[in-house]
Amino acid sequence: MKTPLKMGIRILALIVLLLLAYVLSFGMIMILFVLVRQVFPILEIVELRTFRSASLLVLGIIMAYLFLFLILGPIIHTIHWIQALSQGTYKEPALKGVLANRDSFYYKCTEFVYKELFMQMQLLTERLQQSETDRIMLEKDRRQWLAGITHDLKTPLSYIQGYASLITAEKYDWSDNEIVDYGMKIEEKSKHIKNLIDDLNLSFQSEDKKITVQKLKTEMVEFLRKVVLDIANSPRCVAYNFSFDSCMDTFFMEADTILLQRALQNVLINAVVHNPPGTEIEVAAAKQQDGFCIEIADNGKGMEEEIRRNLFESYYRGTSTDCPAEGSGLGMTIAKQFIELHNGSIRVESTPGQGTSIFITLPVF
């Protein structure tokens, strides 16, 4: 039975009870009056019709007060509650009068009638309070993230500015080799800035669903092996030990290899950036009941609970902005977005000091 119908039936039942109480009370008062008047003849000066009218009026006032108190009182309290929520006060206003005592008969009656209403209002209050807490945390993380992005952009820009100033300085006579070396460093830092901007664009395009997934039939085992090999052979990863294992020789599925490769690269680079040299990074592929599964595990530093919980959040940085940055801080967010564009899922398990495991599941149709 729906909540409004339940409340309507209870209110109707309460009105019926008040009417019964009104009739029974009037009958008992009239009987008592007749009996008392027989004992005390002096009361015969009070006309029965006059007493009856007065009794009806007084009982009507009492019943009207009880109706207002039991039916309209909680509604007024709920209105004040909604007003408090609209003003940003996420708690129930204090009950007044006899309703302030939650053990009183009057409160029990109102709770009986409006139990679902109070329950839903309490649930709404808790959700709004949690939403406000989440909003404040998101805003804090966003500001920290923007500070980190600003820091990450300033660092390569300072290098570019410094090398450009050296090349254009008239008091120095640079050799061709030195100019080429400075030019290469400027190019390297420029690529770093471009990668930061590309990451921002990718993240926003993915959030706005502007990225088109172009799936092709792909042999996943060899595809994964090449991705791991490319990362392992890159200069930044030579100090890390990579391995790949698959329980299958071949496995074909529909996938956008460009997006999927970028997602896997981001996960692998994240394992490199946040772990010391010598860390072992293992990639394993397997076919399971729920799809094609990829596990990327390392025996590095692991993560604290807060970092693990916010690993895929756009506006969260797990490291201080004073730490050397290798990217935009959006790598894992982009990885998650690209996996989800394949209708897949990604999750993380990590223990501080024991390493981290990333589990990627891609559905197979």
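The values are calculated or read from the model by the stated rules, or taken from the named source; none is laboratory data. All figures in this text were calculated on a predicted structure; none of them were measured in a lab. Cβ atoms come from the backbone with ideal geometry, glycine included; neighbour counts cover every protein chain shown. Note: areas computed on protein heavy atoms with side chains; ligands, DNA, RNA excluded. Shrake-Rupley method; radii C 1.70, N 1.55, O 1.52, S 1.80 Å.
Tell me the net charge near K185. Cut-off is 12 Å between Cβ atoms, K185 excluded, with +1 for each Lys or Arg and -1 for each Asp or Glu. All intermediate terms of the calculation are to be shown ahead of the outcome.
Working: positive: K189, K191; negative: E178, D181, E187, E188.
Result for the local shell: -2.
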Inset, instruction - Pull out a ≥ b ≥ c, the square roots of the eigenvalues of the alpha-carbon gyration tensor of the stretch 186-304, then state rounded if a/c is under 1.5, prolate if not and a/b is larger than b/c, and oblate in the remaining case. - result: oblate
Legend entry - Per-pair calculated FRET efficiency, R0 = 35 Å: V58 and E116 via Cβ, rounded to 0.05: 0.50
Legend entry - Cβ-based charge dipole, the chain, positive-most Cα from M184, Y163, L57: L57
Legend entry - With every protein chain in place, the chain: carbon and sulfur % of accessible area (1.4 Å): 59 percent
Inset, instruction - Return, ordered by residue number, the residues of the stretch 73-95 whose backbone nitrogen is under 20 Å from a label point located 7 Å along Cα→Cβ of L123. - result: 75, 78-79, 81-83, 85-86, 90-93
Inset, instruction - Return the distance in nm (one decimal) between the two label points of a simple spin-label model at T89 and Y159, each offset 7 Å from Cα along Cα→Cβ. - result: 5.6 nm
Legend entry - Only Lys, Arg (+1) and Asp, Glu (-1) charged, at Cβ; the chain dipole about Cα centre in debye: 2340 debye
Inset, instruction - Give me the aspartates and glutamates in straight-line cross-link reach of K171: C-alpha distance below 14 Å, same-chain residues under 8 apart excluded. - result: none
Inset, instruction - Report the calculated FRET efficiency for K217 and E305 (r = Cβ-Cβ distance, R0 = 35 Å), to the nearest 0.05. - result: 0.30
Legend entry - In Hz, Karplus ³J(HN,Hα) per residue of the stretch 238-247 (6.51, -1.76, 1.60; θ = phi - 60°; x = Gly, Pro): 5, 8, 10, 9, 9, 8, 9, 9, 9, 7
Inset, instruction - Note the listed values [x] 33, 29, 20; [y] 76, 27, 16; [z] 40, 27, 16, then indicate which one is semi-axes √(5λ) of the Cα gyration tensor in Å calculated from this particular structure. - result: [y]
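Of the peptides 357-363, 27-33, 66-72, how do they stack up when ordered by the mean number of other Cβ atoms within 10 Å, highest first?
357-363, 66-72, 27-33
Can you tell me the accessible area per residue over the chain, all protein chains present, probe 1.4 angstrom, in square angstrom? Could the numbers behind the result be given before it?
Working: 22680 Å² over 365 residues.
About 62 Å² of surface per residue is accessible.
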Inset, instruction - Between V16 and N343, take the C-beta separation as r, use R0 = 41 Å, and let me know the FRET efficiency to the nearest 0.05. - result: 0.15
